[in-house]
Amino acid sequence: MKAFFIVLTALAGLAMSDCAAQLRVARDATVGFNGIMCSNDTVPCSSIPQGLQNTVMSFRGNRDYERILLGFDLPLNTVQKCVLHIPPPTEAATDTTGVTVSVTDSIWDEATVNGYTKRLDAERVAEANVTKENGAVVDITSACANANNHKLSVFVDTTSSMLTFNSLQSGSSDVFVLEYVF
C-alpha cells in the first residue's frame, strides 16, 4: 500500500509539472518603413513585400527603417514563461548590437506584408544585446500571455546598426525560436 501512494504522488507531481515546447517562427518578413524609391524611382521601396526572402533584416538609418516581423503559432492561450531565442546574426556591423522586441497585431501575410499594409505601431516588451557569436535570449512572457487566437507577432528592431538573420525560407535551423512553457 505504501508503494502505491509513492507512485501516485510521483504521478501527481508529473501532472503538475511544466510542459515546454520549442516553437520555430511560423512567418517572418522584413518590413520597410522609409521614403526611398525603387525600380527607377517609380515605386516606394516600402511597398515591396520582402516576406519570402532568405534573410530578414533590421536597420535604422537617416531615411531607411527596416523591421523584422515574426509570427508564431502558440499551442495554448495560457503561458507560464515565454522566451524568444534570437539566433546569431548572419551579418552584423558590430560584435554586440542592441535590439528591442515589440508586440504587434497578427493581421498580416508573409507573402504580401509591406510598409503600406502593416501598421508601424507596436508596444515594446523587451530589449537585449545581440552578439555575433551567441545571439540573445529575451523574456517576452507578457507578449505571449496577451496573444490573441493562439497567434503572436513581434517586431525586432535594432537600436543602431544593421542586423541580418536567416529567415524561415533559408532552410537553416538557425532561425528565431520561442521557448514556450505552459
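The values are calculated or read from the model by the stated rules, or taken from the named source; none is laboratory data. Just so you know, these numbers come straight off a predicted model, no measurement behind them. Reconstructed Cβ throughout: ideal geometry from the backbone, glycine too, with neighbour counts over all protein chains shown. Note: areas computed on protein heavy atoms with side chains; ligands, DNA, RNA excluded. Shrake-Rupley method; radii C 1.70, N 1.55, O 1.52, S 1.80 Å.
Table for the structure above
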read-out	value
Boolean, GLY98 is in a strand (DSSP E or B) and under 27 Å from ASN146 (Cα atoms)	yes
Some residue of region 112-121 being open to solvent by 10 Å² or more (accessible area, probe 1.4 Å), more than 24 Å from GLY35 (Cα to Cα) and in contact with a Ser or Thr (Cβ under 9 Å, 6 or more places away or on another chain)	no
Residues within region 138-161 that are part of a loop (DSSP other than H, G, I, E, B) and closer than 16 Å to LYS81 by Cα, tallied	4
Failed condition for GLN169, given (1) in a strand (DSSP E or B); (2) open to solvent by 20 Å² or more (accessible area, probe 1.4 Å)	(1)
Breaking point among (1) loosely packed, with under 13 Cβ neighbours inside 10 Å; (2) under 20 Å from VAL175 (Cβ atoms), for LEU74	(1)
